[in-house]
Structures are given as C-alpha cells and as structure tokens.
Number of protein chains: 2
Amino acid sequence: MKKKGLTRRAMLSGTAISVIPAASLANSIKEGSPSWMITPGKTFSEYGVPSSQEENIKREIFQPYEEYAPGSGVAMTPLEKLEGIITPNGLHFERSHNGVPNINADQHELLIHGLVDKPLVFKMEDLLKYPMVTKTYFIECGGNSFYNSNAFPIAIDRTCGSIHGLISTSEWTGVSLKTVLNEAGIKKEALWLLAEGADAAAMSRSIPLEKALDDTLIALYQNGERIRPEQGYPMRLVVPGWEGNISIKWLRRIKVTKKPTYTKDETSKYSDLLVSGKTLQFTFPMEVKSVITQPTAGPKPLKKGPVHITGLAWSGLGNIKKVEISTDKGKTWNVAKIEGSNEPLSPVRFRYNWIWQGEECSIESRATDSKNNTQPQRTVWSVKFGLGHLYHNNSIQIWRITPNGKVFNEYDDLAQNEKWSEK
Amino acid sequence: MKKKGLTRRAMLSGTAISVIPAASLANSIKEGSPSWMITPGKTFSEYGVPSSQEENIKREIFQPYEEYAPGSGVAMTPLEKLEGIITPNGLHFERSHNGVPNINADQHELLIHGLVDKPLVFKMEDLLKYPMVTKTYFIECGGNSFYNSNAFPIAIDRTCGSIHGLISTSEWTGVSLKTVLNEAGIKKEALWLLAEGADAAAMSRSIPLEKALDDTLIALYQNGERIRPEQGYPMRLVVPGWEGNISIKWLRRIKVTKKPTYTKDETSKYSDLLVSGKTLQFTFPMEVKSVITQPTAGPKPLKKGPVHITGLAWSGLGNIKKVEISTDKGKTWNVAKIEGSNEPLSPVRFRYNWIWQGEECSIESRATDSKNNTQPQRTVWSVKFGLGHLYHNNSIQIWRITPNGKVFNEYDDLAQNEKWSEK
C-alpha cells in the first residue's frame, strides 16, 4: 500500500514515456468537462460495432486473379493493430476461392456418404441437438506469409498483418466429426474422407480418417456466436493445426473413402514443389511459428526508449514450449513471457520489454513447440523449396530497424529485390 | 479406423435425433446443386458482420426509467443463443447510466491525482506504449438476474438471457493499473481510489487500493480489437470478479484517497438493503454462480429424447471446482463436464447429456468455486435480503419442464405471482 518505488516493469516503461505533469493538467480540468460529458450519450444498440474512429482497423484484401477468378483471394487480419490472442470475428482472415455463398441455413444439408453403413443427411436443426465441444484453435492458411516466399514482389514496409495476416484464432464450438461419422457407421476399409464446401468453387480436400476421428469439429459457433458468412456459415470443418483450407467452409458433403480423392484443390494447389523437382502432397500440419506483431514495418517510426515487443506464437503439432527474442541480429536470445491457456493448437501471446537506444539493429522471434521443433531461419527454410514456393513458410520474420527508427522487412535482399527497389 | 460401434455420446444423441436416411438424400443430390453453388459468391469485406439470417440474435434492451433518465438502462446478452465462453463484442451486455459518450480518443485524457507524488495525465498514445497484459475475465452487473429478485414482474417464459444476460466474458488487454499508479507514486496514507467515467453521468466508484494494485487493468482492447464505444471506448477499468459497475467505462480520472468517496453511485445504488433494515455497502465480489443456458424458458418446447444441457459457471472469488446438475427437482446431483481454461475469474462452460422421457420435472445447475462456496437455492438467498432487493443474486436458476415440453422459470410462485398470472 506504500509508495515503494517503481517496479522493474514500470521503470522500463517510465523512463521515457512522456506523460503530462501536474501543472498543465490542472488547467485542462479547470477548463471544465469535455463536450461528451455535457449531454446524454447515444442510446442502447442491439448489436454493437467498433468506434468510427477505428475504421482503419480492417482486413487488407488481395485479389491477384480478379479478372478470371472472381471472389478468389484473401482478406488479411491486421495483426499489428490487434492485441491478445482471440481474433474478433469481423477481422478473422478469409481465403475464398469463388466468393462467399449466400446459403439458406434452413435449406442447407450436410451429406455423409461413401463407405458408411447408412448414408445420412443432417440439417442445421439436427446438428444443434448434438453434444457440443468448445476449443480455442488457430487457423492458418497454407499460403500464409507468401510475401516472404519470393512469389510476389516484397514491399519492405509492408506491415506484419499484410505479410502474415492469414492466421486468426477463435473459440470454436461445434459437434465432433467423430460423433456424426459414428452415426453413419464407418466401414472397415475406410481410411480417408473427402470434404466438400457449398461454394461455387466446391472447394474440396481429402482428409485422413484418423485426424477426422481425433479432434476435427463441425463448427457452428465462432467466439460464441454463429459462424460468419465468410467463415463458412452455417457450418464449417475445423481441422485444428492443419493448413487452413482443409477446414472446409460451407460444409455440404463428407464422403468416406479408401484413398485420397486427389481433388483439384490438392493437386493444382496446396502441394509443395521442392528444389529437387519433386512435389510433396498432403503436408497437413502448419509447423511451429511466431511473429512479432509490434513493432512492425510500416509508416510509424520507432522512438528511442522502452519498447514493448509483442507477438503471437503457435504450432500445428502441439503447444508452445518457449519463445525467444533477439534484438542483436540473432547473436543472443532472450526468453519472452507467454500468455494464454497454451493448450495444444491454441496460440500464445508473447511479450518482451526492451530498451532501444537508437542503434541500427534487427528484432526477431523464434518459437519452439512441445515436440521440440524450432522455427527455422528463412535461409534454412528456403533451401528446401524452390523459388516462388508459396506454402508452409514458417521461417523467422526479422524486422530491421534503422537508426532513424524506420522498421523494415529484412527480406529485401533476394531475387525480387531489383523489381521493387526501382520504385 | 473400424466401425467399432457407437460411442456412449453418439448413442445418447443418436437415439432420437431424426436425420434423413440414404434414399431421400440421394434425391436431393440428383436434383443438382443448390442455387448458391451456381454463381460466384459475394466478394471480400474489410470488416465482417453476422449473417442476415441471424438478425434475431441481439441484445434485449430494458430502459425502465427512460422518461426521466435517458440512456439509463441495460442491453442484455442473449445467453441462450450463444455457445462457448467468450461473448462476441457486438453482444457484450451493456449497463449505461446516461448513454454512450462519443469520446474523441485523441483528446481524451486520464488523470491520476490525489495522494500521489506527481499527478499525471495519460493520453491514449502514452498508454499504448506501456507493457500490456491479456486476461480472460467475466464482467457481471451487480444487478444481474434482477428479474428473479422480486423487484419486477416475473415472466415465466422469459429466456435465460432476458433474466441473466448481464454477464459477459471477454479477453481483455490493457495496462496494469498498478503500473500507472506507480508512475505517479502512491503516498503512504493512501488506502482507496475514486474512479470516474467520462460519460454524462460521470459514473464513479470507490475502489480499495489493494484491489487496484492486484489485478485491475486499464483495458484498451476487448477480444483483440479496441474496446467498443458501449464498453468504454477508448479505455475502461476492468476490476475482475467484482460487481460490473466498478469496472468504470470511459475512464477519465483516478483520485487516490484515504477513505471511500461515497459517491452517488455507491450510496443511492449498488448497496444492499438487508431484511434487518441495515444496508451493506462495498460488497464487491460477485459470488459463485451458474446458469443453464440451454434448454431455457421461451417459445421453443423441449422434445422427448436426448437433451444436451449446457450453461456457464463463474465466481468472483476464484475459479470453478465443480458444476452439478439435477434433473429431478434437486433430489440427486450429477457432476457436469466443464470446458475452458478455468483460470480464476474466467467462466467455464458446462455440459451434461440427459435423456428426457416426457416426465414433469425441473432442471437446475449448482456451481462450487475453488474457495468451496456453493451457489445457494433462491429460498436461502432471499432470507438474507428484503423483497425487491436487486443486487448480488447468485441463487440457483430452476427451469421447470411440463409434460408437453414447455420450459418455464420456476420462480412464479412468489409475491409478483398474481400480477403476471392475470396476463
């Protein structure tokens, strides 16, 4: 209860943050109440929205194939403008292959067929009667961080969300896929599933039955409310920890099969061309990864003094064992504090308090998961895949800081370098 | 991987849920694709909203004093329509005393003064530089469940959210109040704070310094994004586990004091009149409580067969040790499964699978917290307080089920009975 001096934390932060001292504030109080205290405020709303002053906090839309593939592209979560672990529903990233279908939830049907004893159709009202499960899981697009993969021109001042914003986290509630499959009765020879969406692209993927019977959900709710249209309304698969597009949105059909179906979406896309010329297919888990969300490249320069470094870490193979931060180009590493439940396949937020003294330097985070996988440097990761490879980029993000406080993406030194440096 | 028979869960659910068998569904597939698969869907959005088909999932507004107190009232979370633990930001309950102020975040100032070494003013940009903390906490209004408190006519078919919807849960991120107080330097004799909001009601409460230095946050983010206007934009206190109105919204001023300030908001309201005629003041914690959110009173009758009973449990004094369910008017109790991190002051979701065979019965949940407090029956709770008492009602909610499946609020048998039964 005493004035017992500043804590280390407060000191760190207090050394340089300029707050207004007593004298001048006395003036502002004397001047009377601000205008918003003079008259009654706005009345109640049935469904709230963010402040109009925060309109710049939005998803960044990227549609490289707009002319010939309408509705194909991504909307990216602005990671650098968010905090905590949960992504608010309005800002969850979106990857769609042919737009967001306007499904009539009462008419929508989920068909379970193929190698089952009795094919079944479930309506929403049926599924809502089943026992539910609630879990917090990240979903990361297989192509997340594609701007660091050499497939597109790298903009060195692109923000964290504009590079890595194809990961989002929700509390998902739904029915275990296992429950529904067991209702239909799985035949002995079954080993795979085909899952298909009700969008115009009929996005479909093959899923091993083992994963389907383990932790896969037919999700109906996201952060407490019904799933949003762009997230698969009225129902989607959540195949936790695996590349995002297997979590089929607008789920309409599950066919139990003996072998993979080799759909267009897992042959033309979402397979990994190696430097050797061979292609990896069915590389499902998104491996251990972390990214510093603040500070980030972008228009806002860093100021000398205390800097609260924070970001997210996750692994599709388990939970997070540790996150380390380097502020000296990888020479030394310091363990960051982590927050969150740290349940498997649920991200953590990491925090590390640092004092920047104006030196040229770089900052980077490196996560290690419960299976002892450690996030690789980009030079290590890129040895494995050919130039222009888009998927499973879990390499370390380095932010370079210039003496004048400008923060850049470190990866401006590779093949595409010339192209963008002309700008 | 084999057809190994139905799990107990699936059996429970499978016995009576009618899904469409093979033959008829084959027709629906033959008939071709649904209309929403024929043409490309809607394009990307920068900030998503719920499906227009879910427009009935909204807060219920209650403004009993509208004529003489504009903007005073509540907007209640529709608990029976939600799942999981997190409340989506658009549906977090609201209690406002004079509307939602339209605060200019760039002009807004937080003043720390009173018994401090150096009074300080913080702008938003200052606070954003400090180390942050992320925690999942419930906020429950001190007057939650007032419809069961005899102060208003009881409607026996009022839904769960319409009775108990003044509790919501968010992942809050902000700066520890301790950090900010330590920056100003707390004087030796200080024991209390006054915290004041920047709404036209200048809502203010006294808070013991001990709690302020423990786990109180100046919250800036809610479920990842900036706090919504009706939740205190741009900043609010979160005083976890304590009655909601102490978590001052639109926070503008903290005065460090020796004694409580005895503000209008803690003398005319938010104090507890006992049967004895004495009044309890500063009864801060919201005690252990649970409520079944599904099934709930309301228009939808229960059908015979498997019923997934689910709801929320929380305690302002710790975490949840167990939740028990009775389906036989309190004769026997069964332990429910609980989900969630079960961190202190963070709710859990409970689940219990039951088979209703059409008998007249009642269902109720009873939570016990880590301090071994158990939720009381309403008859026990009401012995303590006088008729019409509004606050700290943590008594057990009983839902009565008639043989035709109608679900009612059990508490139709007390003083207000005659009034509503005339309807």
message: Please go through (1) among the charged types (D, E, K, R); (2) surrounded by 23 or more Cβ atoms within 10 Å (Cβ to Cβ); (3) more than 23 Å from residue A:88 (Cβ to Cβ) for residue B:226 and return the number of the only condition it doesn't satisfy.
response: (3)
task: Can you give me the ranges of the strands (runs of 3 or more DSSP E) entirely in segment B:226-303 with at least 1 residues that are closer than 30 Å to residue B:326 by Cα?
output: B:289-294
- request: Pairs only if they're at least six apart or on different chains, beta carbon under 8 angstrom, first in segment A:313-331 and at pLDDT below 95, second surrounded by fewer than 16 Cβ atoms within 10 Å (Cβ to Cβ); list them, first residue then second.
  value: A:330/A:377
message: Condition check: in contact (Cβ under 8 Å) with a residue 12 or more places away in the chain, at negative phi and touching a helix residue (DSSP H, G or I) at 6+ places or on another chain (Cβ under 9 Å). Does residue A:60 satisfy that?
response: yes
message: Quick check on residue B:276: is it within 24 Å of the chain's Cα centre (by Cα) and of a type in the set (S, T, N, Q)?
response: no
message: Checking the structure you have, find out if any residue of segment A:346-353 is within 14 Å of chain B (Cβ to nearest Cβ), in contact with a Ser or Thr (Cβ under 9 Å, 6 or more places away or on another chain) and either in a loop (DSSP other than H, G, I, E, B) or exposed (fewer than 14 other Cβ atoms within 10 Å of the Cβ) (or both).
response: yes
- line: When segment A:121-149 is checked residue by residue, the ones that are charged (D, E, K, R) and more than 9 Å from every other protein chain (Cβ to nearest Cβ) are A:125, A:140
Every residue from segment B:254-284 that is surrounded by 21 or more Cβ atoms within 10 Å (Cβ to Cβ) and within 16 Å of residue B:216 (Cβ to Cβ): B:254, B:256
query: Filter segment B:265-298 for residues that are touching a Lys or Arg at 6+ places or on another chain (Cβ under 8 Å) and of a type in the set (D, E, K, R); which is nearest to residue B:203 (Cα to Cα)?
result: B:265
task: State whether one or more residues within segment A:382-392 are hydroxyl-bearing (Ser, Thr, Tyr) and more than 22 Å from residue A:270 (Cβ to Cβ).
output: no
message: Would you confirm whether or not segment B:284-307 contains a residue that is assigned by TED's automatic domain parsing to the domain that holds residue B:352, of a type in the set (A, V, I, L, M), farther than 30 Å from residue A:37 by Cα and free of Cβ contacts under 8 Å to residues at least 60 places away in the same chain?
response: yes
- prompt: Considering segment B:72-98 alone, what residues qualify as being of a type in the set (Ser, Thr, Tyr) and closer than 23 Å to residue B:341 by Cα?
  reply: B:77, B:87
- prompt: Mind checking which residues of segment A:191-207 are touching a residue at least 40 places away in the same chain (Cβ under 8 Å) and more than 7 Å from chain B (Cβ to nearest Cβ)?
  reply: A:192, A:193, A:194, A:195, A:196, A:197, A:201, A:203, A:204, A:205, A:206
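The values are calculated or read from the model by the stated rules, or taken from the named source; none is laboratory data. Values in this document were obtained by computation on a predicted structure and should not be read as measured data. Neighbour counts run over all protein chains shown; Cβ positions are idealised from the backbone, glycine included.
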